[in-house]
Amino acid sequence: MISNKQKAIVHIAKSQLGLDEDTYRDILLAHGGVKSSRDLSYAGYLAVVKHFEESGFQWETREKREMREKVAHRGGAEGAPVKQNTKTGLTGQAEKKYQSQEEQNRPGMATDGQVKKIYALWYSMPAGYYDKGKALPALRGFLKKRFRVDHENFLTFEKAHQVIEAMKKIEARKTEGRRLKTEGDSPTLREKTED
């Protein structure tokens, strides 16, 4: 069993990566061998956290957190912190200006959340879908072959949605195939017995 602090880290990574509940549970099962963070062993915890780091999760040290809080308190009234974007370090009007510029630079393109979701789904693909250590080149090959896009950052909003749905279907097919194998029932065998 892992500590509450370690469980909190897993949940922070989940929210930072923008994972939905199904994807999160699939990652826990694929890398930790369990369906709930409550049941994770220490080895499973390390494997899950390593996977989250490969997917883009970033740790925040105590010094960084204290500096962020210190800067946030400077701009607001006593005891009322100003909301600050941890990615840019900006607050208030500057943050709004930055957001509007960023939206103008990539209108119609995939959002950060979509790209993170694509990474999470790709890394949670069943074993054997790509060679270990070659996940990103394999992902880019998949995108190029199926969607005619060289890099995940070049996806449009609509294409990113299509990629996410395709990956979900692939994972569902692989999961269904594994379930049929474990039951000892194959689709061809079923069709022959029904005739």
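The values are calculated or read from the model by the stated rules, or taken from the named source; none is laboratory data. Model, not experiment: these values are computed from the prediction. Glycine gets a Cβ as well: all are built from the backbone with ideal geometry, and neighbour counts include every protein chain shown.
Between TYR98, TYR45, the distinction of being modelled with pLDDT of 85 or more and either of a type outside the set (Gly, Ala, Ser) or part of a helix (DSSP H, G or I) (or both) belongs to TYR45 only. One residue is enough: does region 125-142 have a residue meeting the conditions assigned to a loop (DSSP other than H, G, I, E, B), at pLDDT below 75, surrounded by 12 or more Cβ atoms within 10 Å (Cβ to Cβ) and within 21 Å of the chain's Cα centre (by Cα)? So far as region 125-142 goes, yes, one or more of its residues are assigned to a loop (DSSP other than H, G, I, E, B), at pLDDT below 75, surrounded by 12 or more Cβ atoms within 10 Å (Cβ to Cβ) and within 21 Å of the chain's Cα centre (by Cα). Scan region 17-46 residue by residue and report those that are buried (at least 17 other Cβ atoms within 10 Å of the Cβ), under 22 Å from LYS117 (Cβ atoms) and touching a residue at least 12 places away in the same chain (Cβ under 8 Å). Matches in region 17-46: LEU17, LEU19, THR23, ASP26, ILE27, LEU28, ALA30, HIS31, GLY32, SER37.
Return yes or no: is ARG106 at pLDDT below 85 and within 24 Å of the chain's Cα centre (by Cα)? It is true that ARG106 is at pLDDT below 85 and within 24 Å of the chain's Cα centre (by Cα).
When restricted to residues that are modelled with pLDDT of 90 or more, acidic (Asp, Glu) and not in a loop (DSSP other than H, G, I, E, B), region 143-155 contains 0.
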